[in-house]
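K.L.:
Here you go, one structure.
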């Protein structure tokens with residue numbers, strides 16, 4: 001574990017050095033993420049200028065859900081962005097060979113190789129919206145609820161990571177899975193709003209099948225109502241661990257099917 | 001040291017008809033075909049040996065190397081290296097090997113070369129002291145000093161290849177896999193790399209498996225060669241034995257007077273030989289005769305030539321290894337078909 005952290009630190013430092021090599025590209029990336037976020041927030045303001053409540057949630061509560069959902073998304077984005085490249089080209093071009101000839105876990109290696117600073121945009125927006133909306137969101141704040149709420153963050157992040165690991169691992173069998181990651185990952189849009197605004201099918205889907213609702217709505221629901229921590233937080237923990245275990249299985253099975261590329 | 005036993009690797013290929021329409025058709029009704037990239041490959045390499053692993057393009061060399069290095073899982077068969085099965089004990093196994101794929105790089109593309117080595121140092125847990133010793137040794141044999149502070153993307157191919165070999169050697173591996181380490185390089189760099197491989201092998205008794213299309217690589221470096229073609233073993237033995245078995249080819253070159261009207265047919269008919277045993281080519285009055293000295297001794301050949309024509313200049317030489325290998329590739333292909 002200590003060794004893993006050391007390697008992670010070293011690879012991350014290399015990454016930051018690389019960013020300094022390509023400053024213009026980095027700045028453009030950061031700005032485009034900010035624009036993306038601004039559009040999302042503007043959308044909420046527009047909705048609430050027309051209607052005072054959404055599925056029983058006040059404006060501040062919706063903003064809080066939106067803000068919170070950006071944090072696990074941002075953390076996953078910060079730490080595991082290289083999985084996109086696995087899906088898009090690392091496997092297809094046979095560049096995955098490199099990771100298999102090194103004495104560290106290939107999944108860890110590929111993840112540790114990228115530290116995606118763009119994600120700081122999401123984290124800043126997320127924290128900003130939480131701070132802005134929290135005073136008027138009618139939260140039920142107790143030491144227990146705060147502890148459980150904060151505790152849920154790494155597990156929410158794990159759901160993102162698990163989904164990216166399993167979809168990117170499909171590339172080992174079908175060569176390229178970038179668009180599949182994109183499609184599945186795109187469903188995180190559902191995490192930004194209360195699931196009660198969707199139909200039953202979609203609600204069940206984003207809770208149990210591609211469980212992005214667990215990364216935003218449910219933990220916040222607990223903080224607002226103070227009810228049902230067993231599902232709202234416990235469910236997040238159990239389902240995220242389950243999904244992560246499953247994604248590791250998919251990954252490891254995928255490795256055996258890896259075919260490299262001609263050279 | 002290295003045992004490969006009946007290694008077989010199958011790939012599933014989806015056969016598509018040409019064009020976009022074919023691609024769509026394959027999407028819904030894939031016509032799958034099994035391609036055998038390596039079949040029944042067995043060989044053994046003792047410690048400290050340099051093995052030349054050769055064969056024409058697409059013979060399955062890289063597939064075998066990738067199975068030996070643990071990148072691919074064999075469909076059937078097994079390999080043991082240092083008593084380990086790469087696929088079962090990958091993490092511990094790869095500590096003891098170094099791998100260079102000439103067509104790819106394992107260096108960090110955007111960073112100065114030295115940074116790659118400092119990252120690899122941590123990944124392979126090389127101590128500071130050992131790292132310094134290693135870097136000075138590698139600097140000496142591969143002359144990295146000139147470009148060690150340059151970003152990898154700015155290196156020339158020759159520099160990159162030397163840097164890649166150094167990267168694979170940093171943790172003092174017991175076995176070194178070099179897949180086409182001299183591909184696309186000029187003579188001077190090739191020579192530099194060969195000397196480095198030789199030195200590493202001599203000083204550290206590193207076992208080396210080397211694939212190459214460059215005959216000089218084989219002649220200068222390899223104690224033994226294993227040749228495969230179409231996924232199968234074709235030859236396994238020393239280069240000397242190969243030359244003895246297949247090296248009976250000689251080449252006779254001579255120039256006749258312009259007044260002579262000699263034609264190649266005169267050789268074929270007069271000696272009653274053809275095909276692999278005899279080929280005659282001429283450019284006006286300059287003749288080139290390749291013949292098998294087992295079918296016709298060199299003396300007889302000379303006598304015959306001198307009896308049918310007046311020569312101005314004549315020479316006989318051994319066929320080079322390239323010629324032998326060309327013949328062997330051809331025979332290997334015939335055997336399988």
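The values are calculated or read from the model by the stated rules, or taken from the named source; none is laboratory data. Predicted model, so just to flag it, every value in this text is computed and none were measured. Cβ coordinates were reconstructed from backbone atoms using ideal geometry, including for glycine residues, and neighbour counts include every protein chain displayed.
K.L.:
Looking at the stretch B:141-151, is at least one residue farther than 24 Å from residue B:198 by Cα, more than 9 Å from chain A (Cβ to nearest Cβ), touching a residue at least 12 places away in the same chain (Cβ under 8 Å) and not in a helix (DSSP H, G or I)?
P.N.:
yes
Table: residues versus (1) under 30 Å from residue B:330 (Cα atoms); (2) within 14 Å of chain A (Cβ to nearest Cβ).
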residue: B:30; (1), (2): no, yes
residue: B:40; (1), (2): yes, no
residue: B:45; (1), (2): yes, no
residue: B:60; (1), (2): yes, yes
residue: B:70; (1), (2): no, yes
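K.L.:
For residue A:174, which of the numbered conditions (1) modelled with pLDDT under 90; (2) crowded, with 21+ Cβ neighbours inside 10 Å; (3) closer than 30 Å to residue B:105 by Cα fails to hold?
P.N.:
Answer for residue A:174: the failing condition is (2).
K.L.:
Out of A:87, A:67, I need the residue that is closer than 20 Å to residue A:164 by Cβ and in contact with a helix residue (DSSP H, G or I) (Cβ under 7 Å, 6 or more places away or on another chain). Which one?
P.N.:
None of the others qualify; the one that does is A:87.
For (1) in contact with a helix residue (DSSP H, G or I) (Cβ under 9 Å, 6 or more places away or on another chain); (2) within 14 Å of chain B (Cβ to nearest Cβ); (3) exposed (fewer than 10 other Cβ atoms within 10 Å of the Cβ), each residue gets a yes or a no:
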| site | (1), (2), (3) |
| --- | --- |
| A:10 | yes, yes, no |
| A:16 | yes, yes, no |
| A:33 | yes, no, no |
| A:37 | yes, no, no |
| A:43 | no, no, no |
| A:48 | yes, no, no |
| A:52 | yes, no, yes |
| A:55 | yes, no, no |
| A:58 | yes, no, no |
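K.L.:
Take the residues in the stretch B:93-106 that are surrounded by fewer than 20 Cβ atoms within 10 Å (Cβ to Cβ) and over 17 Å from residue B:173 (Cα atoms); name whichever of them is farthest from the other protein chains (Cβ to nearest Cβ).
P.N.:
Among them, the one singled out is B:104.
K.L.:
Just to be sure, is residue B:74 within 13 Å of chain A (Cβ to nearest Cβ) and surrounded by 19 or more Cβ atoms within 10 Å (Cβ to Cβ)?
P.N.:
yes
K.L.:
Would you check which residues across the stretch A:37-66 are more than 18 Å from residue A:194 (Cα to Cα) and touching a residue at least 60 places away in the same chain (Cβ under 8 Å) and list them?
P.N.:
A:37
K.L.:
Only one of B:182, B:154, B:211 is without any contact (Cβ under 8 Å) to a residue 12 or more places away in the chain and either within 20 Å of residue B:106 (Cβ to Cβ) or surrounded by fewer than 22 Cβ atoms within 10 Å (Cβ to Cβ) (or both); which?
P.N.:
B:154
K.L.:
Considering every residue within the stretch B:107-120, establish whether at least one is within 9 Å of chain A (Cβ to nearest Cβ), in contact (Cβ under 8 Å) with a residue 60 or more places away in the chain and either in contact with a helix residue (DSSP H, G or I) (Cβ under 6 Å, 6 or more places away or on another chain) or part of a loop (DSSP other than H, G, I, E, B) (or both).
P.N.:
No, because not a single residue in the stretch B:107-120 is within 9 Å of chain A (Cβ to nearest Cβ), in contact (Cβ under 8 Å) with a residue 60 or more places away in the chain and either in contact with a helix residue (DSSP H, G or I) (Cβ under 6 Å, 6 or more places away or on another chain) or part of a loop (DSSP other than H, G, I, E, B) (or both).
K.L.:
Please identify the pairs in which a residue from the stretch A:19-30 that is away from chain B (no Cβ under 14 Å) has its Cβ atom under 8 Å from the Cβ atom of a residue that is loosely packed, with under 12 Cβ neighbours inside 10 Å, counting only partners at least 6 apart or on another chain.
P.N.:
Sorted first by the residue in the stretch A:19-30, then by its partner, the list stays empty.
K.L.:
Something else: Could you name every one of the helices (runs of 4 or more DSSP H) located completely within the stretch A:207-263 that has at least 3 residues being farther than 25 Å from residue A:187 by Cα and within 14 Å of another protein chain (Cβ to nearest Cβ)?
P.N.:
Those helices (runs of 4 or more DSSP H) span A:234-257.
K.L.:
Assigned to a loop (DSSP other than H, G, I, E, B) and either within 26 Å of the chain's Cα centre (by Cα) or at pLDDT 80 or above (or both), is that true of residue B:37? Working first, answer last.
P.N.:
On the way: assigned to a loop (DSSP other than H, G, I, E, B): no; either within 26 Å of the chain's Cα centre (by Cα) or at pLDDT 80 or above (or both): yes.
Answer is no for this residue.
K.L.:
Let me ask something else. Starting from residues that are surrounded by fewer than 16 Cβ atoms within 10 Å (Cβ to Cβ) and in contact (Cβ under 8 Å) with a residue 40 or more places away in the chain, keep the ones in the stretch B:256-279 and report whichever is nearest to the chain's Cα centre (by Cα). It would help to see each step written out before you state the result.
P.N.:
Looking only at the stretch B:256-279, we keep the residues that are surrounded by fewer than 16 Cβ atoms within 10 Å (Cβ to Cβ), and these are B:257-261, B:263-266, B:268-270, B:272, B:274-276.
Now narrow it down to the ones that are in contact (Cβ under 8 Å) with a residue 40 or more places away in the chain: B:257, B:260, B:266, B:276.
Numbers: B:257: 43, B:260: 44, B:266: 39, B:276: 24 Å.
In this case the residue turns out to be B:276.
K.L.:
Another question, if that's okay. So, in the stretch B:122-132, how many residues would count as being at the interface with chain A (Cβ under 9 Å from one of its Cβ atoms) and either in contact with a strand residue (DSSP E or B) (Cβ under 8 Å, 6 or more places away or on another chain) or not in a loop (DSSP other than H, G, I, E, B) (or both)?
P.N.:
Of the residues in that region, 2 qualify.
K.L.:
With A:75, A:79, A:100 as the choices, which residue is surrounded by fewer than 22 Cβ atoms within 10 Å (Cβ to Cβ), within 14 Å of another protein chain (Cβ to nearest Cβ) and in contact with a helix residue (DSSP H, G or I) (Cβ under 8 Å, 6 or more places away or on another chain)?
P.N.:
Checking each option against the conditions leaves just A:100.
K.L.:
Now, a different point. Every residue in the stretch A:103-124 that is farther than 16 Å from residue A:15 by Cα, more than 14 Å from chain B (Cβ to nearest Cβ) and either in contact with a helix residue (DSSP H, G or I) (Cβ under 8 Å, 6 or more places away or on another chain) or surrounded by 18 or more Cβ atoms within 10 Å (Cβ to Cβ) (or both), please. Spell out the reasoning first.
P.N.:
Residues of the stretch A:103-124 farther than 16 Å from residue A:15 by Cα: A:103-107, A:121-124.
Okay, now just the ones that are also more than 14 Å from chain B (Cβ to nearest Cβ), so A:121-124.
Those that are farther than 16 Å from residue A:15 by Cα, more than 14 Å from chain B (Cβ to nearest Cβ) and either in contact with a helix residue (DSSP H, G or I) (Cβ under 8 Å, 6 or more places away or on another chain) or surrounded by 18 or more Cβ atoms within 10 Å (Cβ to Cβ) (or both): A:121, A:122, A:123.
K.L.:
A further question on this structure: Given B:158, B:184, which one is more than 12 Å from every other protein chain (Cβ to nearest Cβ), in a loop (DSSP other than H, G, I, E, B) and under 30 Å from residue A:262 (Cβ atoms)?
P.N.:
B:184
K.L.:
For residue B:65, all conditions in the list (1) part of a helix (DSSP H, G or I); (2) in contact with a helix residue (DSSP H, G or I) (Cβ under 9 Å, 6 or more places away or on another chain); (3) more than 7 Å from chain A (Cβ to nearest Cβ); (4) over 30 Å from residue A:20 (Cα atoms) hold save one; what is the number of the exception?
P.N.:
Unmet for residue B:65, out of (1) part of a helix (DSSP H, G or I); (2) in contact with a helix residue (DSSP H, G or I) (Cβ under 9 Å, 6 or more places away or on another chain); (3) more than 7 Å from chain A (Cβ to nearest Cβ); (4) over 30 Å from residue A:20 (Cα atoms): (2).
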